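Below: the structure, in structure tokens.
The values are calculated or read from the model by the stated rules, or taken from the named source; none is laboratory data. All of these numbers come straight from a predicted model, not from anything done at the bench. Here the Cβ positions follow ideal geometry from the backbone for every residue, glycine too, while neighbour counts run over all protein chains shown. Surface accessibility is based on the protein's heavy atoms, side chains included, excluding ligands, DNA and RNA. Shrake-Rupley method; radii C 1.70, N 1.55, O 1.52, S 1.80 Å.
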Amino acid sequence: MFTLAGDRRLTLAMLGGVLIPLVLGLNEAAQEYIGLAVVVPMLLGFGLIEIYRSYGDTYGSSGRAGVLLTAAGISLLGLVVLAYALLPPMFALLYILAVPFVAGSVSLALGSGLLALSLRNAGLISRPAVAGLGLGVIPILGAIFSASFGSGTPSAIWAVLIGIPYGFGWVLTAHELRTAPRDRDRQSSQTPVGRTVIPHVVGAGLVGAILVLLSAGRFLPLGALSTTPWVGESFALDILHLGIGLLGLVVAVSGRPEKVRTYDQIVGIGALCLVGITLFGTFVSVPGIHRLAAELGLILTDIILYVPIGIILTTLGFGVTVEDS
């Protein structure tokens, strides 16, 4: 039926898009079968493989960043679903799974947006596909976060409706890529890509803004913001957040890709190091590390912030070049 293996991969991605709203409805109607949801990340993964393989020289560095971040996002969320389905229910499980869930959600949202914009800039997909793929994941994550914080669990029908835009985005994207011309050199010469959105700048600016807003709770009389997690645990940690955040905004505004990429590499590795210090300081009796964690005020809640920062910035810093930015 299909002459190219790539067509098969894109067809599997279309099937994954169809299953997204159905899986969300299943999560609300019959959670005992939620383990079946791991099929969706696998199917979407085939689509990402084909996009990376066939269009990697067409959509530029923004597209490559989008593919990598989207892959990290769906992998982490798939891991969360699998662990939730297989491990025995306990309170600690929800706390543990919060780390890959937040990291996966942030990676998926940012990656899907970058991928959609890059494919559109390359002339490969239509505006409806961009809207679904780039923005459709936001209501899904919003509903899940609301349910997690006790704001109300959506009904099965409402969950299905929430999942339709993102699922439709994947279906439309995969279909349009299947029918797109295979002459990538011609597309590359006609469409300048990788210049409208530089992924390293997006990552540095996003992380910088988040850290500045969080650390402002220590230094400004902003009421409830000062009780936000990751704020006020220690003066040194708040200063560190503020300094890294301001530096991220400065290098993002400068628009110099090499400098921004260096920032992503250093801060990404630093965030992962803070995760390691927090874990070792909490669970392993290493005096020096335990003392450092205590002086910085690092607690387990902090890794929910540092893991997404580490994953996103190290992915951008080491996985995406800047020669076409």
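Name the residue, out of Gly25, Gly63, that is crowded, with 19+ Cβ neighbours inside 10 Å, within 21 Å of the chain's Cα centre (by Cα) and either in a helix (DSSP H, G or I) or aromatic (Phe, Trp, Tyr) (or both). On inspection, the qualifying residue turns out to be Gly63. In segment 1-53, the residue that is farthest from Ala129 (Cα to Cα) out of those that are modelled with pLDDT under 85 and of a type in the set (S, T, N, Q) is Gln31. In this structure, is Thr278 open to solvent by less than 40 Å² (accessible area, probe 1.4 Å), without any contact (Cβ under 8 Å) to a residue 40 or more places away in the chain and β-branched (Val, Ile, Thr)? Yes, satisfied. So which residues in segment 170-207 are farther than 24 Å from Pro308 by Cα, modelled with pLDDT of 80 or more and surrounded by 19 or more Cβ atoms within 10 Å (Cβ to Cβ), if there are any at all? Listed by number, the residues that qualify are Val171, Leu172, Thr173, Ala174, Leu177.
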